[in-house]
Amino acid sequence: MNPFIIQIETANNGSFRERVLMIDKLMFEKAARANGWNLQGSEITFTAFIAWQVLKRLHKIPTELTYEQFIETELFDAVIIQEEPGQNPTPTA
């Protein structure tokens, strides 16, 4: 299985390259249902939410920063890519 990686550029917290986990995708699905978002064909919304969710999960942005605040003031750009076989995107301690 080739993991998904998100590359994120923010206004005040730097740039990141992090692995997208199943919990991040599940949190998007939960938020999409709660907010009436289209689960199909909303790639930009999905990417923005995943950027916020991943950085929030990893404590790389302030926990009080809401999704709306994140996309309006913090998020410059984000892209999700799939790692090539043999690469290990998980940082080691």
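The values are calculated or read from the model by the stated rules, or taken from the named source; none is laboratory data. Worth saying up front: this structure is predicted, and the values here are computed from it rather than measured. Glycine also receives a Cβ, built like all others from the backbone with ideal geometry; neighbour counts cover every protein chain displayed.
Of the residues GLN53, GLN69, GLN7, which is in contact (Cβ under 8 Å) with a residue 60 or more places away in the chain and not charged (D, E, K, R)? Checking each option against the conditions leaves just GLN7. Of the residues LYS60, LYS30, LYS56, the single one that is assigned to a helix (DSSP H, G or I), charged (D, E, K, R) and surrounded by fewer than 16 Cβ atoms within 10 Å (Cβ to Cβ) is LYS30. Here GLU72 does not qualify as modelled with pLDDT of 95 or more and within 14 Å of the chain's Cα centre (by Cα).
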